[in-house]
Amino acid sequence: MMDYIRVIFSLIFAISVMYMLLDCEIRHKKNRYLLGLYATAVLICDGFVLLNFGYSHFMRLYPLIVHLPVFLAFVFISKFKPIKVFFVLWTLVALTTSFSLVGLIISYFFGSSMEIVNIVVYILYLPTGFMIYKHIRPSFLYMMRNTDKGWLGFSMIPISYSVLIYSIGTYDLDKVVTIFNVETAVLLFILVFSAYFLILRFFKQTREQLTLQNEQNLLMTQVAAAQLHFEALEESQEKTMLYRHDMRHHLNMINSYLVDNNKEAAQNYITEVERSIECAVVEKYCSNYTVNLILSSYITNAKNELITVETQINLPENNEVSDMDLCVIFANAIENAINACKNIPNPKDRALKIVCKTKNNKSFIQITNSYEDKVEFVDDMPVSTEENHGLGTKSIAAVAQKYGGVYAFTAQDGLFQTCIIL
């Protein structure tokens, strides 16, 4: 009976940690029902094997009747590629079997009691789960989201260890107790601990390098946004200076029309001057001066590309998010939207909508544009095969992460949407 309880607790722990490390989220009810039916079917099959063939045969078939169904379930609900799910699964297999090794090593000094093995294993679950969530999960998730290479090589370590453990029968502790060798157990534990220490250290260093690279990319984008800001400001000032320079000539012309009693010509000329004034003034989209300059510049570019632009922007002058970071978001998102719309042959189908709302020091930004070409996603991030493309979305993601916010990119029914909450 204790064997069954230990197996159940081990499975619950492993599935919980996998769910945590893979950052799973089952949003749709249909998927929940399907997953529930799948889990029920697997449990019935496992129960049938256990009741009809016994515990020993059940443990011998454990990789096939437990590991494989769990792997398939997480491939279905996870956002990550199967190879990453594969690595996490075998990492948890290595971890849970290591608990058994620790229990066997400790029980060796107390007469190799299975009760002591079980107690040690149960005690290890809670602190290990907390340590994984607090210290390991951040680096783990960062690597999963930002690195696509090397996962098969990483997987070889837990697979080799698990195959070795399986071959000596550690899945079936009742069998292992009769052939247990404490020196071998200690050596195996040191081996797997050292391997994962190096893997996690590599993850941490890679995360630091990628973070530094993202910060450099973000800085470059901020510099570009600042340059655009000053160019827009300079252009507006030049138009204003030119208008002031021509003001005397305009007044003389209007005065000439009035002297000749040609009121209609004077009125037409005044209307023309008003239009020139409107062109010299930067259109106001929000109260934030710096962001407004960026918006004005990009929206003008969009209109020049015959894109229908709709704006609903409520952004106060003072905001928790720095002006430069807001400029990074708007500049990259709108530029990507313009590039996508330009590929649509019919100008009537080109559309861009910019929404920004602020409440309780939280900013919600949503930029929606029409598109025609297929959009490829890798780990929920849009990717491009063109050189130096795709950096804009990464810069947006970096800003969101900087403020502990959330971001999402979706493409559906001909509309691409960028959403950020800061």
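The values are calculated or read from the model by the stated rules, or taken from the named source; none is laboratory data. Predicted model only: the values in this text are computed from it and were never measured. Here the Cβ is made from the backbone with ideal geometry for all residues, glycine too, and neighbour counts use every protein chain on show.
Spot the failing condition for Lys79; the list is (1) more than 17 Å from Ile5 (Cβ to Cβ); (2) in contact with a Phe, Trp or Tyr (Cβ under 9 Å, 6 or more places away or on another chain); (3) modelled with pLDDT of 80 or more, and only one is missed.
(2)
Within region 47-83, take every residue that is among the polar types (S, T, N, Q) and more than 32 Å from the chain's Cα centre (by Cα) and give me the one that is surrounded by the fewest Cβ atoms within 10 Å (Cβ to Cβ).
Asn52
Of all the residues that make up region 344-364, how many are over 14 Å from Pro316 (Cα atoms), surrounded by 14 or more Cβ atoms within 10 Å (Cβ to Cβ) and either polar (S, T, N, Q) or in contact with a helix residue (DSSP H, G or I) (Cβ under 8 Å, 6 or more places away or on another chain) (or both)?
Qualifying residue count for the region: 4.
Name the one entry in Ile354, Ile329, Ile344 that is touching a Phe, Trp or Tyr at 6+ places or on another chain (Cβ under 8 Å) and either not assigned by TED's automatic domain parsing to the domain that holds Asn292 or not in a strand (DSSP E or B) (or both).
Ile344
Is it the case that Tyr19 is surrounded by fewer than 15 Cβ atoms within 10 Å (Cβ to Cβ) and not in a loop (DSSP other than H, G, I, E, B)?
Considered against the rule, which asks whether it is surrounded by fewer than 15 Cβ atoms within 10 Å (Cβ to Cβ) and not in a loop (DSSP other than H, G, I, E, B), Tyr19 comes out as no.
Test Ile132 against the criterion of being in a helix (DSSP H, G or I), modelled with pLDDT under 85 and either more than 32 Å from the chain's Cα centre (by Cα) or under 22 Å from Phe71 (Cα atoms) (or both), and give yes or no.
no
Looking at region 331-343, which of its residues are in contact (Cβ under 8 Å) with a residue 12 or more places away in the chain and either over 28 Å from the mean Cα position of the chain (by Cα) or surrounded by fewer than 19 Cβ atoms within 10 Å (Cβ to Cβ) (or both)?
Glu335, Lys342, Asn343, listed by residue number.
Checking the structure you have, find out if any residue of region 387-410 is in contact (Cβ under 8 Å) with a residue 12 or more places away in the chain, in contact with a Pro (Cβ under 6 Å, 6 or more places away or on another chain) and surrounded by fewer than 20 Cβ atoms within 10 Å (Cβ to Cβ).
Yes: region 387-410 contains one or more residues that are in contact (Cβ under 8 Å) with a residue 12 or more places away in the chain, in contact with a Pro (Cβ under 6 Å, 6 or more places away or on another chain) and surrounded by fewer than 20 Cβ atoms within 10 Å (Cβ to Cβ).
Only one of (1) of a type in the set (Lys, Arg); (2) touching a residue at least 24 places away in the same chain (Cβ under 8 Å); (3) farther than 13 Å from Phe416 by Cα is not met by Lys303, so which one is it?
(2)
Given (1) surrounded by fewer than 17 Cβ atoms within 10 Å (Cβ to Cβ); (2) in contact with a helix residue (DSSP H, G or I) (Cβ under 7 Å, 6 or more places away or on another chain); (3) closer than 20 Å to Ala94 by Cα, identify the lone condition not met by Ile12.
Answer for Ile12: the failing condition is (2).
Please note which strands (runs of 3 or more DSSP E) are completely contained in region 359-422 and include at least 1 residues that are modelled with pLDDT under 85 and not small (Gly, Ala, Ser).
The qualifying strands (runs of 3 or more DSSP E) are 376-378, 381-383.
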